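Chemist: Sharing a structure here in structure tokens format.
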Amino acid sequence: MHESGENYLETILMLQNKNGFVRSIDIANELEYTKPSISRAMGILRKNGYITMDDGGQILLTELGRKKAEEIYERHLLITKFLMETLGIERQLADKDACRIEHVISQETFERIKAKVE
């Protein structure tokens, strides 16, 4: 899965946790993308089995999608915490950097950061 797909899944998870539901317009507003871009991405995620959409336009993570989204979100939170607590990076910058790092970091490195943070 590409970084953009991971970002969409993470955003869907965060919006579900925050609002209890997610629609394409919610994702577009959160990420500041156009609705056509979101529609295209949701089609790809649906085709690959990460999401479903009901008749009312609500987007739901499948079991596969939820698992992947939770993995990405865990990486994001732990890397942010590591950058702040270990390196003294300010929250806003740590959050921004974690968003990029979470997609390219190896599992081994992530596990070591996780052990250090926990």
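FYI, it's all coordinate maths here, none of it is from the lab. Note that this is a predicted model, so its numbers are computed, not measured. Methodologically, a virtual Cβ is constructed for each residue, glycine included, from the backbone with ideal geometry; neighbour enumeration extends over all protein chains shown.
Chemist: Filter the range 69-118 for residues that are assigned to a helix (DSSP H, G or I) and small (G, A, S); which is nearest to T11 (Cα to Cα)?
Modeler: Top of the filtered list is A69.
Chemist: Okay, next question. Which of the numbered conditions does E6 fail, given that it passes all the others? Conditions: (1) touching a residue at least 60 places away in the same chain (Cβ under 8 Å); (2) part of a loop (DSSP other than H, G, I, E, B).
Modeler: (2)
Chemist: Now for a different question. Mind checking which pairs have a first residue in the range 89-115 that is surrounded by 11 or more Cβ atoms within 10 Å (Cβ to Cβ) and a second that is acidic (D, E), Cβ under 8 Å, 6 or more apart or different chains?
Modeler: Correct list of pairs: I89/D97; E102/E6; H103/E3; H103/E6.
Chemist: For G49, all conditions in the list (1) in a helix (DSSP H, G or I); (2) of a type outside the set (A, V, I, L, M); (3) free of Cβ contacts under 8 Å to residues at least 40 places away in the same chain hold save one; what is the number of the exception?
Modeler: Just one mismatch for G49, condition (1).
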